[in-house]
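So the structure is just underneath, and the comments pick up after that.
The values are calculated or read from the model by the stated rules, or taken from the named source; none is laboratory data. Small disclaimer: the values here were computed from a predicted structure and weren't measured. Neighbour counts run over all protein chains shown; Cβ positions are idealised from the backbone, glycine included. Remember, those area values only see protein heavy atoms, side chains included, never the ligands or the DNA or RNA. Shrake-Rupley method; radii C 1.70, N 1.55, O 1.52, S 1.80 Å.
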Amino acid sequence: MLKNTEILETIKMISEEHLDIRTITMGISLADCASDDQKTLCDRIYDKVTTRAAHLVKTAEDIQAEYGIPIINKRISVTPISLVAASVRNASDYIAVARALDRAAEATGVNFIGGFSALVHKGATDSDERLIRSIPEALAVTERVCSSVNVATTKTGINMDAVAEMGRIIKATAERTAVRDGFGCAKLVVFANAVEDNPFMAGAFHGVGEPETVINVGVSGPGVVKCALEKVKGAEFGTVSDTIKHTAFKITRMGQLVAREASRRLDVPFGIVDLSLAPTPAIGDSVAHILEEMGLARCGAHGTTAALALLNDAVKKGGIMATSYVGGLSGAFIPVSEDAGMIDAVTCGALSLEKLEAMTCVCSVGLDMICVPGDTTAETISAIIADEAAIGTINNKTTAVRIIPAPGKQVGDTVEFGGLLGTGPVMAVSSFDSAAFIRRGGRIPAPIHSLRN
Amino acid sequence: MRAVITVIGKDKVGIIARVSRELAELGVNILDISQTIMQDLFTMTMLVDVSGCTRPFGELAGIFSAVGQELGLDIRIQHEDLFHSMHRI
């Protein structure tokens, strides 16, 4: 029999502490949609996505109503389009595919569809190159399509040609969406060690090792962790870690329940639960505020990396027993514009790009939703990507860069994206030049510890 | 199928009567009731059996939310499994 205190604890988490299921993401393989004819390709993609995901949004809404747990986002990830569209020849064909994905997303009622992607960590095929060149236009002419490019893995090293290209592509994407302060870049992620089952946008795609369709669920609840830590003020770190673990366990059990239920109702296999703490701009839903609750005056103060390392580790340890399959990115996200505490920390000068880079060594992903001045060069952006890719490859973890060189904006300005994407204060980048480094091209070899066979 | 109803808010006359009447009209059977005043707030949890309910379960959340608005209270009805999954291994 349930105890009253248990019931009321759950209700409080949902009603006051922002506990929610952040996303139910349906992965759909588009491998069988390939064609060398643009119209056939686009029709097959549209038909398959709208058929397979026809009931996704309704099912999520039903689960939300019956279980009383908010399910914030319903999303779709698809096979990297550079693979699906390899037989068409023109850049315009990739734009047509992006439009077909956008229409399919609108028809199914999801807010984002991910997978306008290429995996080029060792080298790019002709199709990869065409897709990457089409990203700026694709993100400018669509609303819901998200793009990602994997430029490095621990096994292969870093494709520095792709790193250089992505700097230029990010600049071009910002310019193409200049009227919206470079909004297109908020839908573009450059990865190292990208995962195949990530349910979170903008980096989700349906990997080649995945089944025909799959349900992946991302949980959230920074507010719940923060409130739990408020009850152990001043306690030593073992208690802090245990408190986070207990909370993460409970949060993840929600995710497991919803994932199983969505999988059963949609008759689609359950893939993974992503044990992530994903903040939103709402007050009380911030990862930065968890770090500050541990005793830091502001996120970014010395000690922040240690606090984040403890948090990230405890979330995984607490969550892992709560679900049958863990996957995705799993950990604490540190997007700047999507986290009220991070925004405040940047605005008051406590948090710099350099400190964020250090934090990405121990967080779940990387530099996320960072606004930089519009005149930041493509080479500097590439160098930022290279640094993140190096952290990822050497430390065997996923890292990513989602950076917005907001046209016409300077340090001190802010960029309004609205909704979950929030408000980004423009951050300073190094004024020293990295162009000659980036121009070298080629590949940075895989680290020695990749040779494990 | 069983569900948990929680009623939280300022105490007043007739809360249990109003909620119980709604449940009776819907064909929902009350299995257990627990009610207390916590931090000046009226707090009630009910375990109910909805297998005889005349309306689809998904509609009940909206119905009780409306009753809650009428009474100035927060009323939720949620599938029992939500609480079991969080608090029981």
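A few remarks follow.
- Count - residues of the range B:34-56 that are open to solvent by 30 Å² or more (accessible area, probe 1.4 Å) and within 25 Å of A:THR59 (Cα to Cα): 6
- Test result for A:VAL195, over 20 Å from A:SER337 (Cβ atoms), within 19 Å of the chain's Cα centre (by Cα) and open to solvent by 10 Å² or more (accessible area, probe 1.4 Å): yes
- Residue within the range B:12-27 that is within 14 Å of chain A (Cβ to nearest Cβ) and not β-branched (Val, Ile, Thr) present: no
- Subset tally (residues that are of a type outside the set (A, V, I, L, M, F, W, C), open to solvent by 30 Å² or more (accessible area, probe 1.4 Å) and modelled with pLDDT of 95 or more) for the range A:90-110: 4
Yes/no matrix, rows are residues, columns are (1) over 23 Å from the mean Cα position of the chain (by Cα); (2) closer than 26 Å to A:VAL217 by Cβ; (3) not charged (D, E, K, R):
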position: A:ARG75; (1), (2), (3): no, yes, no
position: A:ASN111; (1), (2), (3): no, yes, yes
position: A:HIS121; (1), (2), (3): no, no, yes
position: A:SER147; (1), (2), (3): no, yes, yes
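- Considered as a group, the residues in the range A:78-109 that are within 30 Å of A:LEU19 (Cα to Cα) and either out of contact with any strand residue (DSSP E or B) (no Cβ under 9 Å at 6 or more places or on another chain) or in contact (Cβ under 8 Å) with a residue 60 or more places away in the chain (or both) include one that is nearest to the other protein chains (Cβ to nearest Cβ), and that residue is A:ALA107.
- Scanning the range A:261-306 for residues that are of a type in the set (Val, Ile, Thr) and either modelled with pLDDT under 95 or closer than 29 Å to B:GLU80 by Cα (or both) yields a total of 5.
- Single condition A:GLY327 does not satisfy, out of (1) within 30 Å of A:GLY255 (Cβ to Cβ); (2) free of Cβ contacts under 8 Å to residues at least 60 places away in the same chain: (2)
Yes/no per residue for (1) among the aromatic types (Phe, Trp, Tyr); (2) away from chain B (no Cβ under 14 Å); (3) under 18 Å from A:VAL145 (Cα atoms):
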site	(1), (2), (3)
A:LEU2	no, no, no
A:ASP32	no, yes, no
A:ARG44	no, yes, yes
A:ASP47	no, yes, yes
A:THR50	no, yes, yes
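- Considering the range B:60-89, and only residues there that are over 13 Å from the mean Cα position of the chain (by Cα) and open to solvent by 30 Å² or more (accessible area, probe 1.4 Å), the residue that is farthest from the other protein chains (Cβ to nearest Cβ) turns out to be B:GLU70.
- Pick from the range A:58-73, criterion open to solvent by less than 20 Å² (accessible area, probe 1.4 Å) and among the hydrophobic types (A, V, I, L, M, F, W, C), ranking: farthest from the chain's Cα centre (by Cα): A:ILE63
- Filtered residues of the range A:21-49 (kept if under 12 Å from A:VAL78 (Cα atoms) and not charged (D, E, K, R)): A:THR25, A:MET26, A:GLY27, A:ILE28, A:SER29, A:LEU30, A:ALA31, A:CYS33, A:ILE45, A:TYR46, A:VAL49
- Among the residues making up the range A:198-218, those that are open to solvent by 10 Å² or more (accessible area, probe 1.4 Å) and over 15 Å from A:GLU143 (Cα atoms) are A:PHE200, A:VAL208, A:GLY209, A:GLU210, A:PRO211, A:GLU212, A:THR213.
- Hits in the range B:39-59 (condition: outside any strand (DSSP E or B), in contact (Cβ under 8 Å) with a residue 40 or more places away in the chain and more than 7 Å from chain A (Cβ to nearest Cβ)): B:VAL50, B:SER51
- All positions within the range A:305-319 that are over 15 Å from A:VAL240 (Cα atoms) and free of Cβ contacts under 8 Å to residues at least 60 places away in the same chain: A:THR305
- Pairs where the first residue, in the range B:21-34, is on the phi > 0 side of the Ramachandran plot and the second is surrounded by 12 or more Cβ atoms within 10 Å (Cβ to Cβ) and hydrophobic (A, V, I, L, M, F, W, C), C-beta under 7 Å, 6+ apart: B:GLY27/B:CYS53
- Which numbered condition A:VAL49 fails, given (1) open to solvent by less than 10 Å² (accessible area, probe 1.4 Å); (2) under 30 Å from A:GLU17 (Cβ atoms); (3) within 24 Å of the chain's Cα centre (by Cα): (2)
- Pairing each residue of the range A:254-269 that is hydrophobic (A, V, I, L, M, F, W, C) with any residue that is open to solvent by 20 Å² or more (accessible area, probe 1.4 Å) and assigned to a helix (DSSP H, G or I), provided the two are 6+ apart or on different chains, yields C-beta distances under 7 Å for A:LEU257/B:ASP81.
- Taken as a whole, the range A:198-212 holds no residue that is under 28 Å from B:PHE83 (Cα atoms), modelled with pLDDT of 95 or more and in contact with a His (Cβ under 9 Å, 6 or more places away or on another chain).
- Close pairs from the range A:60-77: first within 9 Å of chain B (Cβ to nearest Cβ), partner part of a helix (DSSP H, G or I) and among the aromatic types (Phe, Trp, Tyr), Cβ under 6 Å, at least 6 apart: A:GLU66/B:PHE57
- Within the range B:4-33, the residues that satisfy the criterion of being part of a strand (DSSP E or B) and surrounded by 13 or more Cβ atoms within 10 Å (Cβ to Cβ) are B:VAL4, B:ILE5, B:THR6, B:VAL7, B:ILE8, B:GLY9, B:ASN29, B:ILE30, B:ILE33.
- Selection status of A:ASP267, within 21 Å of A:ALA309 (Cα to Cα) and surrounded by fewer than 24 Cβ atoms within 10 Å (Cβ to Cβ): no
- The residues in the range A:320-350 that are within 19 Å of the chain's Cα centre (by Cα), closer than 16 Å to A:VAL217 by Cα and small (Gly, Ala, Ser) can be counted, and the count is 5.
- In the range A:210-247, the residues that are within 14 Å of chain B (Cβ to nearest Cβ), more than 20 Å from A:ASN73 (Cβ to Cβ) and either touching a Phe, Trp or Tyr at 6+ places or on another chain (Cβ under 9 Å) or of a type in the set (Gly, Ala, Ser) (or both): A:ALA228
- Residue match in the range A:234-241 (condition: charged (D, E, K, R), open to solvent by 40 Å² or more (accessible area, probe 1.4 Å) and in a helix (DSSP H, G or I)): no
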